[in-house]
Amino acid sequence: MPRIPLEDNFNDVINKTQRGMKMTDDDLAKRAEVSLEDLAAVKGGKPIDAVLRRVARHLKLSPDALENLAYKRWYPDLPDFPKGFAAFNTPFEDMTVNSYLIWDPRAKVAAAFDTGATSEAMLDIIKAEGLTLRYIFITHTHDDHIADLARLASETGAEVWSSELEPVNHPGAKVFKENAHFHVGSLSVKTLYTFGHSPGQTTFFVTGLSWPLAVVGDSLFASSMGGSPTNFADQLRNNREKILTLPRDTVLACGHGPLTTLAQEKQHNPFFAR
Ligand SMILES: [Fe+2]
């Protein structure tokens, strides 16, 4: 897969957090002791170091991580998956979206996470590896993530599953609760509710591959997290409680942007770095 840019710039992170915390510019400028002009410049993408660091502190973001993001000093080291895992990055309108496939190479059974804009490349791998697609798991039902669901489901006959809190509009689709377990050959998949970005946004924790894997959808991105002006606090809390507590070597497969790992996000994500 080609190098995918990070999903958010440092000013996206600031804007997202400020909206989420429902803080006005006046309020933030006053608390951080910066001028409204400087705040506007930083929010517009100009990294004025002193301002950026003050603003970060008052938004409970890591100043160092935010500064590294502003100067593009960090990009995740991509984990190596020798077998049983594939990532797809497909263009959707003016952005790109990710979808993923896992499989047990011996049992030849597979599961998909979302479809992205098109599942063509995923279908190619399913065919080339001689796999049976058992499940299509939906992280959340925003259009970009399920754009090719009808086709992927009809061409493979796989069961479609999404959260009871966010049922997918697809004939015969099934819903799971939190902590549901699925088996895909020797792999197992457990559901974690990481809502906020959407009401039923789910993280799927997969074991049995080379690394523990969390397919997080838009809960969290490398160096950022999913936005929701209304449910920001829920997203932050769920990320902290349910994703950040997974094993440190867990690979995070995000709905947008590159793959990353929990250990790297603990060090480089402005929301979670200390
Ligand atoms: Fe998305």
* Structure fact -> Contact order relative to length for the chain, counting C-alpha pairs under 8 Å separated by 6 or more residues, stands in percent at 19
* Structure fact -> Hydrodynamic calc, the stretch 1-66: Kirkwood Rh from Cα pairs, then Stokes-Einstein at 37 °C with viscosity 0.692 mPa s, so D in µm² s⁻¹ is 272
* Asked: Arg248: net charge of surrounding residues, Cβ under 12 Å, Lys/Arg +1, Asp/Glu -1, itself excluded?
  -> -1
* **Along principal axes, Cα extents of the stretch 77-155, largest first, whole Å** => 37, 36, 20
* **Share antiparallel - DSSP beta bridges, the stretch 28-161, percent rounded to 5** => 60
* Structure fact -> One finds, for Lys22 and Lys60 with R0 = 22 angstrom and r their Cβ-Cβ distance, a FRET efficiency to the nearest 0.05 of 0.95
* About its Cα centre, how strong a charge dipole does the chain have in debye, to the nearest 20, once Lys and Arg get +1 and Asp and Glu get -1 at the Cβ? -> 800
* **Rg to Rh, two decimals, where the chain supplies the alpha carbon set and Rh follows Kirkwood** => 1.00
* Averaged per residue, what accessible area in Å² does the chain show with a 1.4 Å probe, protein chains only? -> 44
* **When each of Lys72/Lys108; Lys16/Lys242; Lys16/Lys174 is checked by Cα-Cα distance, pairs over 29 Å** => Lys72/Lys108; Lys16/Lys174
* **Cβ crowding within 10 Å averaged over residues, with 171-180, 201-210 ranked highest first** => 201-210, 171-180
* Asked: Hey, any idea what % of the chain's accessible area is carbon plus sulfur with a 1.4 Å probe?
  -> 50
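The values are calculated or read from the model by the stated rules, or taken from the named source; none is laboratory data. This one's a predicted model, so the numbers in the text were calculated from it and none came from an experiment. So basically every Cβ, Gly included, is an ideal-geometry build from the backbone, and we count neighbours across all protein chains shown. In case anyone asks, the SASA skips ligands and DNA or RNA and just uses the protein heavy atoms, side chains included. Shrake-Rupley method; radii C 1.70, N 1.55, O 1.52, S 1.80 Å.
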